[in-house]
Amino acid sequence: MMTFKDVYLGYGRNVVLEKLNFTIQKNDFVGIIGQNGSGKTTVLKAINNSLKPQRGEIFREPDIKIGYVIQRQYLDTIFPFTVKEIVMMGRYGKIGPLKFPEPGDENKVEEVLTVTGIYDLKNKLYRELSGGQRQRVLVARALASEPNLLLLDEPTNDLDIKGTEQILKLVQKIHSELGITVIVVSHLLLTILNYAHKIIFLKDKKAAMYSLEEIFSEEMLTQIYEYPVKIGTIHNKKYIVPEDINGNTQ
């Protein structure tokens, strides 16, 4: 679907990431992980073709259609848009300028409102919604464009545990039932370890892609966190806890 070959990314003369080599394949569910400032959003911009490489090449299949779920704080809540109006914005690329939605556009919006579980909220004002509900609206807006690649930039940021799980389960459903390739950016590895199939880890201007089998080892996670950790399982989900020098969990 998309391959990065010796790619350097940055702004002006500033190099943010260098020598990126990885491939995003059709039907992947990829998590991009790294500390704040590590270049996660920069990679997402390059994938979205809104940032050109300073060096290297990005090879893309010609049929890629991207749906981009922005961070919630970037959508202004001053204007009194309803949920349905915001989701319809995802159709504008297909409707074209100075044209009105047709029945097919209305049907697609109704469909994605149902898929994302917010059909009953369609006439409510976006600014009146909770953080988790707003995130569902943004996912629905991206789906309205009929993508085959869905990009999500920190979709669980500022959400509580319940909201985080609900959003990630929704994204998992979209991936498995609609067959859409998914890339999720997060600064928390644990947030998506139980959902993603592959992890791109950013550190020191470099990126490495791992399968879950590769990354789910105490040795690898200790390298990533730069602190000894232990892996456990509760209700078929993995969790990670720190371990002190004496071998006791903290």
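Below, the figures for the structure above:
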{"read-out": "Scan of region 221-241 for residues that are loosely packed, with under 15 Cβ neighbours inside 10 Å, touching a helix residue (DSSP H, G or I) at 6+ places or on another chain (Cβ under 9 Å) and of a type in the set (A, V, I, L, M, F, W, C), ordered by number", "value": "ILE231"}
{"read-out": "Selection within region 178-221 - touching a residue at least 12 places away in the same chain (Cβ under 8 Å) and of a type in the set (Asp, Glu)", "value": "GLU218"}
{"read-out": "Within region 100-130, considering residues that are touching a residue at least 40 places away in the same chain (Cβ under 8 Å) and hydroxyl-bearing (Ser, Thr, Tyr), the one farthest from PRO147 (Cα to Cα)", "value": "TYR126"}
{"read-out": "Region 16-57 - residue that is assigned to a loop (DSSP other than H, G, I, E, B) and closer than 21 Å to SER211 by Cα and, of those, modelled with the lowest pLDDT", "value": "GLN35"}
{"read-out": "Selection from region 3-13 of residues that are of a type outside the set (Val, Ile, Thr), surrounded by fewer than 21 Cβ atoms within 10 Å (Cβ to Cβ) and at pLDDT 95 or above", "value": "LYS5, ASP6, TYR8, GLY10, TYR11"}
{"read-out": "Conditions (1) touching a helix residue (DSSP H, G or I) at 6+ places or on another chain (Cβ under 6 Å); (2) more than 16 Å from LEU143 (Cβ to Cβ): number failed by LYS203", "value": "(1)"}
{"read-out": "Single match in ILE86, ILE64, ILE78 (criterion: farther than 27 Å from VAL16 by Cβ and assigned to a loop (DSSP other than H, G, I, E, B))", "value": "ILE78"}
{"read-out": "Selected residue (only one of PRO147, PRO155 is under 26 Å from LEU189 (Cβ atoms), assigned by TED's automatic domain parsing to the domain that holds ASP63, part of a loop (DSSP other than H, G, I, E, B) and modelled with pLDDT of 95 or more)", "value": "PRO147"}
{"read-out": "Any hit, region 81-92, residues being of a type in the set (Val, Ile, Thr), loosely packed, with under 15 Cβ neighbours inside 10 Å, within 22 Å of LEU151 (Cα to Cα) and within 25 Å of the chain's Cα centre (by Cα)", "value": "no"}
{"read-out": "Qualifying positions in region 184-214 - among the hydrophobic types (A, V, I, L, M, F, W, C) and surrounded by 21 or more Cβ atoms within 10 Å (Cβ to Cβ)", "value": "VAL184, VAL185, ILE192, LEU193, ALA196, ILE199, ILE200, LEU202, ALA207"}
{"read-out": "Strands (runs of 3 or more DSSP E) contained in region 158-250 and holding at least 3 residues under 13 Å from the mean Cα position of the chain (by Cα)", "value": "181-186, 198-203"}
{"read-out": "Residue under evaluation ILE161, criteria (1) among the hydrophobic types (A, V, I, L, M, F, W, C); (2) within 28 Å of ASP28 (Cα to Cα); (3) crowded, with 16+ Cβ neighbours inside 10 Å, criterion not met", "value": "(3)"}
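For (1) in contact with a His (Cβ under 7 Å, 6 or more places away or on another chain); (2) of a type in the set (D, E, K, R); (3) closer than 18 Å to ASN148 by Cβ, each residue gets a yes or a no:
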site: LEU20; (1), (2), (3): no, no, no
site: THR23; (1), (2), (3): no, no, yes
site: LYS26; (1), (2), (3): no, yes, yes
site: THR42; (1), (2), (3): no, no, no
site: LEU51; (1), (2), (3): no, no, no
site: GLY56; (1), (2), (3): no, no, no
site: PHE59; (1), (2), (3): no, no, yes
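The values are calculated or read from the model by the stated rules, or taken from the named source; none is laboratory data. Here the structure is a predicted model, which is why all the values come from computation and not from measurement. For neighbour counting, all protein chains shown are included, and Cβ atoms are generated from backbone atoms with ideal geometry for every residue, glycine included.
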